[in-house]
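In what follows, a structure is listed as structure tokens, so that the remarks can point back to it.
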Amino acid sequence: MNHRLGFGVFLAPHHPIGEHPTLQFQRDLELAAWLDHLHFDEFWVGEHHSGGWETIGSPEMFLVAAAERTRRIRLGTGVVSIPYHHPFNVAQRIVHLDHLSHGRAMLGVGPGALPSDAVMLGIDPMTQRERMDEGLGVILRLLNSDEPFSHQGSWFELHDAALQIRPLQEKIPVAVASTISPSGMKCAGKYGVGVLSVASYSEEGLQALPTQWNFGETSAKEHGQKIDRAEWRIVVPFHLSDSKEQALREVADGLKRWQNEYIVGILGTPQRAPFNDGYEAAKRMTEYGGAIIGTPDDAIDKIERLQALAGGFGTILAFAHDWTTREQMLRSYEMIARYVMPRFQGLIRPIQSSADRVQANKQELMSKASGAILKAIHDYNATHPRKK
């Protein structure tokens, strides 16, 4: 490993319909606190306004609440849909979050994932990517410059605009959502920012992974920018248990419900068909997609293969889901933290090296220890003669 791999969680959220929304929000905040306790690096939260399953409409507001319950984990919008907002408001809200989280804010942006959101707001889905590109350029200028400027855009205006509060961090991390098409990567390259690859769990997403970074690098060169693989984040579903068989069986029913009720039933996502068997679907996602379902050893092996396939990335994000029980989900995150994270962060290697050195010299060391004990006994007897 050439660098410390980051670990985080990406909460869209994807929650089945039927639970009290207030309690659902509280469970998500409890998850943020649990991840902070387990020393995860990042927590990303999305923005959606329709469809029933993804119920957080303002990630910044949610993350302010999460900031009050956490101490060290970085908090990102995963993602703000720029076409839905005036770019000035996106910039000032992330700066406000940065201060209220004591410098832990990250800005993830995208064009908007649900066409139902765009149509409801009177936005032509065909214009969303262009609007995001234009908006992001203005947001970055607001975040990184003190000088007021004006902008007469295709869908918004600014007149001598500048943020009156600067970010607490020297530079807020920024990342663009990327799926299978090259548009997200090209936008990231244009502005020299990070990437959130959110479709790596699918077979198509996994197949696209080896070529994705080239789109970003090509775009960066065209615009005189640089991008860094350390700022590339890969999103994949995780679920760990005591055996691979047990892990597959624990997610089977929830995975089937998620696919059939939401992805196919509500969204009608193209090229997605209902799952007949959740267990077999989970097995296929693990074998042919980017999903990591199994034991900690399975996770270590899969992450290493993903790194080799992609050519390297900076952070892996677990796609948060409700495929299992609450208890099984929390235990899975704990297993990631205890047994997987330290393997990729250089924490186990020196411990193992120390054990190996002792093991290799144990006979000599034990001989010296035994000699020292015998000498101590001899010295004591010499200075404390026994009374007759």
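Derivation of every value follows stated rules applied to the coordinates shown; laboratory data play no part. This one's a predicted model, so the numbers in the text were calculated from it and none came from an experiment. Counting neighbours? That spans all protein chains shown, and the Cβs are built from the backbone with ideal geometry, glycine included.
Summary table below
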read-out: Given K171/K221; K244/K283; K190/K302; K186/K302; K226/K302, the pairs whose alpha carbons are separated by over 19 Å; value: K171/K221; K190/K302; K186/K302; K226/K302
read-out: Cα-only Debye scattering, the stretch 244-301: base-10 log of I(q)/I(0) at q = 0.12, 0.26 Å⁻¹; value: -0.29, -1.02
read-out: Listed peptides 241-252, 109-120, 144-155 by packing density, highest first (mean Cβ within 10 Å); value: 109-120, 241-252, 144-155
read-out: Relative frequency of Cα-Cα separations exceeding 20 Å in the stretch 110-203, percent; value: 48 percent
read-out: Crossing angle, helix 244-257 versus the chain [Cα axis fit, 0-90 degrees, rounded to tens]; value: 20 degrees
read-out: Folded to 0 to 90 degrees: helix 296-310 orientation relative to the chain principal axis, Cα; value: 50 degrees
read-out: Helix axis angle, 349-360 relative to the chain longest principal axis, alpha carbon, degrees; value: 20 degrees
read-out: Cα-Cα separations in the chain greater than 38 Å, expressed as whole percent; value: 25 percent
read-out: Karplus-derived 3J(HN,Hα), 6.51/-1.76/1.60, for each residue of the stretch 147-161, Hz, glycine and proline x; value: 6, x, 8, 10, 8, 9, x, 6, 9, 7, 10, 9, 10, 6, 8
read-out: Burial order of peptide ranges 134-141, 46-53 (average beta-carbon count within 10 Å, highest first); value: 134-141, 46-53
read-out: The stretch 301-349 versus the stretch 112-178: alpha-carbon centroid distance in Å; value: 32 Å
read-out: Cβ-defined net charge surrounding P350, 11 Å radius [Lys, Arg +1; Asp, Glu -1]; value: +1
read-out: Rounded, prolate or oblate (a/c below 1.5 giving rounded, otherwise prolate when a/b exceeds b/c) for the stretch 142-188 by Cα gyration tensor; value: oblate
read-out: 3J(HN,Hα) from dihedral phi, the stretch 61-67, Karplus parametrisation 6.51/-1.76/1.60, rounded to Hz, x for glycine, proline; value: 5, 4, 6, 5, 5, 5, 4
read-out: Local net charge near H48, Cβ-Cβ under 10 Å (Lys/Arg +1, Asp/Glu -1); value: -3
read-out: Ranked packing of 190-200, 254-264, 73-83, 347-357, most packed first, by mean Cβ within 10 Å; value: 73-83, 190-200, 254-264, 347-357
